Structure formats: C-alpha cells, structure tokens
Amino acid sequence: MCNICGCNKTEASAEGLHTHAEHKHVSPHDHQHNDCGKNSAERAAPALNKSRLIEIEQNLLSKNNHYASQNRQYLQANGIFSINLISSPGSGKTTLLTEIIKRLKEQHNIYVIEGDQQTALDAARIKETGVKAVQVNTGKGCHLDAHMVGNACGQLDMKKDAFLFIENVGNLICPAGFDLGEKHKVVILSVTEGEDKPLKYPEIFHAADLMIINKIDLHPYLNFDLKQCCEYAKQINPDIKIIQLSAASGENINQFSNWLTAAKTALQAGKNKEEV
Amino acid sequence: MHELSIAESIIDMIEDNALRHNFKKVTKITLEIGVLAGIEKSALFFCFDAAAQNTLAEGAELLIQDKPAKGICQNCFQQVITSSWYEPCRYCGQVGIEINEGEQMTIKSLQVEN
Ligand SMILES: Nc1nc2c(ncn2[C@@H]2O[C@H](COP(=O)(O)OP(=O)(O)O)[C@@H](O)[C@H]2O)c(=O)[nH]1
Ligand SMILES: [Mg+2]
Ligand SMILES: [Zn+2]
C-alpha cells in the first residue's frame with residue numbers, strides 16, 4: 001500500500017496508471033491519482049458522472065485533535081505544565097494571569113499565549129510583568145485551535161519545566177470542544193455573572209478540572225449565590241475543583257498558585273518516574 | 001460561532017477525500033452529531049452554505065443525524081441514555097450521570113459524482 005495516497009499497489013499498477021516501481025514521492029504527490037479510490041469496486045467501474053456513496057466515518061475534529069496531540073507530546077517531552085483559561089469576556093482572565101505571574105515568576109519560567117479576536121493589548125499587559133508572551137488574533141474565529149497554539153509554541157521557544165498559560169478567546173461556548181493539547185482546562189466565572197452559568201454552558205464546566213469564581217471582593221454588593229453556583233458546577237462535573245478568589249484584591253490567590261505549583265510538581269514527578 | 005470553523009473543516013475534509021476517492025462534486029453529506037456536541041443545527045446549515053460556495057460541495061445537501069448521549073448513573077450504575085448534561089437518571093431519578101458519549105461529530109458518508 002502506498003502510504004501517501006493509501007491506494008493498493010498491485011491493483012492500481014495493474015490498471016497501468018500508478019506504476020509503483022518508480023513510485024519515489026520526490027515531491028509529496030507526483031503520481032497520478034486517477035484510480036486511488038480505496039474501494040476496488042469504485043475503481044472497477046469509473047462510470048462518468050455516476051453518483052456513488054462513500055462511507056468515510058471521519059471525526060470532524062480529527063485535524064484539531066491531531067495538532068493537539070502533537071502539542072501535548074511536545075509539552076510533555078519538555079516538562080512544560082500548561083493550562084487553557086476559558087471564561088466570558090471580562091471575567092478577569094488577564095488580570096488573574098498578571099497577578100499569578102507576579103507571584104510565580106521568581107521561581108519559575110513562565111510563558112503566555114494570549115488569544116483575542118483583535119488587538120495585542122492583553123499580550124502587552126502580560127509583557128509588562130516581564131515574561132514572554134505571544135498574541136494570537138483569531139479574527140472571525142471564536143476560539144483558539146491547536147494549530148494556532150502549536151505555532152505560538154514555536155515562537156515562544158520555551159525552556160524546559162516551565163509554565164505555559166494559554167488565555168483563550170473570551171467565550172464560554174466555542175473553546176470547550178477544541179483541545180489545544182493543554183494539561184488542564186480552567187474555567188473562570190465572576191460573581192458579576194449569574195450563578196446558573198454552569199447549567200447554561202455545561203460543556204465547558206464538564207471539560208474543566210478547575211473552576212475559579214473571581215471578583216469575590218464584589219460579592220457583598222451582589223446577589224450571586226456562591227453555594228448554589230458550586231452545587232450546579234458539581235452537578236455537571238462532580239470532580240471539578242473550585243477556588244473562590246479576587247484577582248483585584250489578591251484574596252485567596254495563593255490557593256490558585258498552590259494548585260498550579262502542586263499540579264506542575266505532580267506532572268514532573270510522573271515524568272521522572274517514566275524516565276527511571 | 002464555532003459552527004463556522006466546523007463548516008470549514010467539513011469542506012477541508014471533503015477536499016482531502018476528493019483526492020483519495022477521485023470525485024469532482026459532492027451532492028449530499030451525512031453527519032452524525034452528538035446531542036451534547038454544542039452544535040446549533042440552523043447555524044451549521046447557514047455556515048455550511050456559506051463555506052461551500054465555490055467549492056466542490058457548493059449546493060450540496062447537508063443531512064444531520066442526532067446521536068443520543070450516554071452515561072453511567074453514579075447512583076444506580078445503570079447505563080442511561082440522556083439528552084442533556086444534568087438530566088436526572090431515568091431509572092432512579094437522581095442527578096449525576098457520568099457522560100461518556102454524546103459529544104462526537106462525525107462525517108458518515110458523502111454522495112459524490114465524478
Ligand atoms: N472588582 C474586581 N474587578 C476585577 C477582578 N478581576 C478583574 N477585574 C476587572 O474586570 C475587568 C476585566 O478584566 P480582564 O482581566 O481584562 O478580563 P478578561 O477579558 O477575562 O481578560 C477589568 O476592569 C478588571 O480590572 C476582581 O477580582 N475584582
Ligand atoms: Mg483578556
Ligand atoms: Zn440511576
């Protein structure tokens with residue numbers, strides 16, 4: 001079988017168009033493809049304009065998933081611990097990242113990929129903290145995909161055993177289905193949004209390992225029901241961890257930095273075990 | 001909306017298949033979409049028509065089959081078919097079904113012409 005086109009060598013060459021003796025693949029696709037149909041019945045009856053049914057069974061996300069597993073392999077091989085931060089616009093992703101970076105940057109190498117539809121403003125906010133950041137503009141796209149993240153990783157040229165923080169485009173819906181190759185998805189909800197968000201956007205709460213409830217400094221002024229919110233999230237995802245904090249006042253931020261460093265240590269311990 | 005990028009990946013995959021299977025036109029695409037995949041069908045129809053313009057799938061019919069979601073009830077441990085992320089178990093009435101199927105999006109088949 002030809003690895004490039006998937007055709008069957010003997011059958012195809014019997015028809016004369018696909019001589020595999022001189023099948024060199026110098027340029028990736030230099031041979032004729034007139035009869036590369038996988039199904040030999042298709043080749044046997046190449047009736048013109050005849051309608052036929054091809055069963056393909058292909059996952060629509062296979063391309064993205066392929067890039068995601070490449071990213072995951074790369075990150076794992078280099079001991080890089082990555083999170084994919086997902087929230088509605090304005091929940092405080094960039095603010096939380098800058099605060100967390102200030103607390104961790106002395107002990108750790110940190111890199112950031114910033115996703116927004118337009119502008120490099122958030123990457124600029126991150127760079128002010130002194131760490132390396134790449135802005136990815138998705139244009140009309142509503143989420144980062146694994147291919148964009150792979151390219152951004154290339155630009156970052158990361159040191160081993162670092163943190164990689166990926167801030168997704170502000171959107172609770174679309175990023176949920178697109179694996180980037182990250183270790184954990186982290187969803188952020190702020191108390192200025194509704195406590196019923198986990199029920200309204202269940203997919204992302206199901207996919208995330210950690211939910212952060214941000215802006216708790218504002219909680220005294222609002223009717224946000226924290227307990228109810230946590231219950232809803234646990235209903236969707238019984239294993240989800242929850243941290244309530246304020247990126248602005250700093251309250252409980254250490255819980256998040258502890259979670260990050262513990263998860264990174266666990267990842268690296270697992271990796272060292274594999275190597276021994 | 002990510003229906004647009006889904007529509008674009010349908011076109012990409014059709015173009016890959018056109019090389020493999022040697023066809024010039026697609027007249028019908030059958031998809032199977034899990035009810036928890038988060039796809040708004042009307043948005044996907046709309047985006048697909050736009051994305052298909054000037055491609056070999058222009059004017060093709062898009063057929064979407066729903067695939068039910070499945071999971072295991074964490075209370076009674078029965079396999080349950082469900083249609084949302086937090087429906088109560090149909091056997092014991094408790095919430096807490098661990099979903100393990102229902103987010104897939106698959107191209108099942110293509111009706112093509114040479
Ligand atoms: N009161 C309060 N405001 C916050 C907090 N975190 C972020 N903000 C504000 O919320 C707004 C949006 O924050 P930003 O980090 O840009 O959100 P992003 O769109 O998720 O990146 C900014 O005005 C922040 O100053 C917080 O914990 N408390
Ligand atoms: Mg931001
Ligand atoms: Zn049950």
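Ignoring everything except DSSP H segments at least 4 long, calculate the 222 nm mean residue ellipticity for the protein assembly as shown; use -39,500 (n - 2.57) per segment, divide by total residues, nearest 500. Working shown, then result.
Working: 12 runs with 133 residues, N = 390.
Computed mean residue ellipticity for the protein assembly as shown: -10500 deg cm²/dmol.
Quick check on packing: order A:128-136, A:80-88 by the mean number of other C-beta atoms within 10 Å, highest mean leading.
A:80-88, A:128-136
Quick check on chain B: take the gyration tensor over C-alpha atoms, sort the square-rooted eigenvalues as a ≥ b ≥ c, and tell me if it's rounded (a/c under 1.5), prolate or oblate.
In terms of gyration-tensor shape, prolate.
What average number of partner chain Cβ atoms lie no more than 10 Å from the Cβ of the residues making up A:55-67? List each step's numbers first, then the result.
On the way: counts 5, 13, 5, 11, 6, 16, 8, 5, 4, 2, 0, 0, 0.
Neighbouring Cβ atoms belonging to other protein chains average 6 per residue here.
Is there a pair in A:140/B:70; B:41/B:70; A:140/B:24 whose C-alpha atoms are over 27 Å apart, and which pairs would that be?
A:140/B:70; A:140/B:24
Would you be so kind as to identify which of A:199, A:155, A:266 lies farthest towards the positive end of the dipole of the protein assembly as shown, taking Lys and Arg as +1 and Asp and Glu as -1 on Cβ and the Cα centre as origin?
After comparing all options, I get A:266.
I'd like the mean, over residues of B:98-110, of how many other protein chain beta carbons sit within 10 Å of each residue's own Cβ.
Numbers: counts 4, 4, 0, 0, 0, 6, 3, 6, 7, 8, 4, 5, 6.
So the per-residue partner count for this stretch is 4.
Based on the mean of other Cβ atoms within 10 Å per residue, sort peptides A:248-257, B:31-40 so the most packed one is first.
B:31-40, A:248-257
What length, rounded to one decimal in nm, is gained on full extension from residue B:114 through to residue B:100, with 0.36 nm per residue of separation minus their alpha-carbon distance?
Fully extending the segment from residue B:114 to residue B:100 adds 1.1 nm.
Within the set of other residues whose C-beta is less than 13 Å from the C-beta of residue B:108, count the net charge using Lys and Arg as +1 and Asp and Glu as -1.
Surrounding charge for residue B:108 is -2.
Is there a quick way to get the dipole size of region A:188-276? I mean about its Cα centre, with the Cβ of Lys and Arg at +1 and of Asp and Glu at -1; what is the value in debye to the nearest 20?
180
Sort region A:208-276 into rounded, prolate or oblate with this rule: let a ≥ b ≥ c be the square roots of the eigenvalues of the Cα gyration tensor; rounded if a/c is under 1.5, and if a/c is not under 1.5, prolate when a/b is larger than b/c, oblate otherwise.
In terms of gyration-tensor shape, oblate.
Would you please state which residues of region B:73-114 a label at residue A:55 would reach in this model, taking the label point 7 Å out along Cα→Cβ and a backbone N cut-off of under 11 Å?
What the label zone holds, given the 11 Å backbone N cut-off, is B:109.
Give me the distance in nm between label points sitting 7 Å out from Cα along the Cα-to-Cβ direction at residue A:147 and residue A:120, one decimal.
Here the modelled spin labels are 2.3 nm apart.
Summing +1 for each Lys or Arg and -1 for each Asp or Glu, what net charge is found among the other residues whose Cβ lies under 13 Å from the Cβ of residue B:59?
Around residue B:59, the surrounding residues sum to -2.
Taking the Cα-to-Cβ direction at residue B:28 and at residue B:77 and moving 7 Å from each Cα, how far apart do the two end points lie in nm?
Label-label distance for residue B:28 and residue B:77, simple model: 4.5 nm.
Sum up the charges of everything whose Cβ sits under 12 Å from the Cβ of residue A:169, counting Lys and Arg as +1 and Asp and Glu as -1, but leave residue A:169 out.
My count for the surroundings of residue A:169 gives -3.
Using the basic label-point model (7 angstrom from Cα toward the beta carbon), what is the residue B:92 to residue A:268 distance in nanometres?
Simple spin-label model gives 4.2 nm for this pair.
As I understand it, the value is the acute angle between the Cα axis of helix B:41-52 and the longest principal axis of the Cα atoms of chain B; what does it come to in degrees, rounded to 10?
20
Each value in this text was obtained by applying a stated rule to the coordinates, not by laboratory testing. This one's a predicted model, so the numbers in the text were calculated from it and none came from an experiment. A quick note on method: Cβ atoms are made from the backbone with ideal geometry, for glycine too, and the neighbour counts reach across all protein chains shown.
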